[in-house]
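*Asks:* Could you have a look at this structure, given as structure tokens, before my questions?
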Amino acid sequence: MSTAPTPPRTPVTEDVAPQRSDRSPWNWLLLVPIVVVLLVPIYNRVEPTLFGWPFFYWLQLAFVALGVATTSIVYRMTRRSPAERQAARDAIARDADAGSRED
């Protein structure tokens, strides 16, 4: 029985871009607009109307606003800090410079 070869390890330097994980608990909030829309029996009725629109239709439009709001909240809570963004830009530029020198 053989084992898969492990890739060679690269030396760790202090100029490495910060590692980012997309496993933020804020991402769970994105399920709210999906689940709420699937609960059709809650809003499957005509009354109350809003400007002549049945409840079912105007609530669907409200769900769009709910989706936009939750997406905006998750984006703002999970985006990188200015220092992390600058470190990532520096790492990309450094990698591009290193790649052009190898050619």
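*Asks:* Write out, first by first residue and then by second, each pair whose Cβ atoms fall under 8 Å of each other, whose residues are 6+ apart or on separate chains, and whose first residue, in region 24-37, is surrounded by 15 or more Cβ atoms within 10 Å (Cβ to Cβ) while the second is aromatic (Phe, Trp, Tyr) and part of a helix (DSSP H, G or I).
*Replies:* Sorted first by the residue in region 24-37, then by its partner, the pairs are Pro33/Phe63; Val36/Phe63; Val37/Phe63.
Let's see how each residue does on (1) within 22 Å of Trp26 (Cβ to Cβ); (2) touching a Cys at 6+ places or on another chain (Cβ under 7 Å); (3) without any contact (Cβ under 8 Å) to a residue 40 or more places away in the chain:
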residue	(1), (2), (3)
Val46	no, no, yes
Trp53	no, no, yes
Val68	yes, no, yes
Ile73	yes, no, no
Met77	yes, no, no
Ser81	yes, no, yes
Gln86	no, no, yes
Arg89	no, no, yes
Arg94	no, no, no
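*Asks:* When you look at Leu59, is it of a type outside the set (Lys, Arg), closer than 27 Å to Val35 by Cα and free of Cβ contacts under 8 Å to residues at least 24 places away in the same chain, yes or no?
*Replies:* yes
*Asks:* For region 67-84, enumerate the residues that are among the β-branched types (Val, Ile, Thr), modelled with pLDDT of 90 or more and surrounded by 13 or more Cβ atoms within 10 Å (Cβ to Cβ). Before the answer, list the steps.
*Replies:* The initial filter retains those residues of region 67-84 that are among the β-branched types (Val, Ile, Thr), namely 68, 70-71, 73-74, 78.
Add one more test, that the residue is modelled with pLDDT of 90 or more, and what stays is 68, 70-71, 73-74.
The answer is Thr70, Thr71, Ile73, Val74.
*Asks:* Suppose we filter region 45-103 for residues that are in a loop (DSSP other than H, G, I, E, B) and of a type in the set (Asp, Glu); how many remain? Break it down into steps so the answer makes sense when it comes.
*Replies:* Kept after step one, since they are in a loop (DSSP other than H, G, I, E, B), are these residues of region 45-103: 45-49, 51-52, 54, 79-81, 103.
Now restrict to residues that are of a type in the set (Asp, Glu): 47, 103.
Going through region 45-103 one residue at a time, the tally reaches 2.
The values are calculated or read from the model by the stated rules, or taken from the named source; none is laboratory data. For clarity, every value in this text was computed on a predicted model and none was experimentally measured. Glycine gets a Cβ as well: all are built from the backbone with ideal geometry, and neighbour counts include every protein chain shown.
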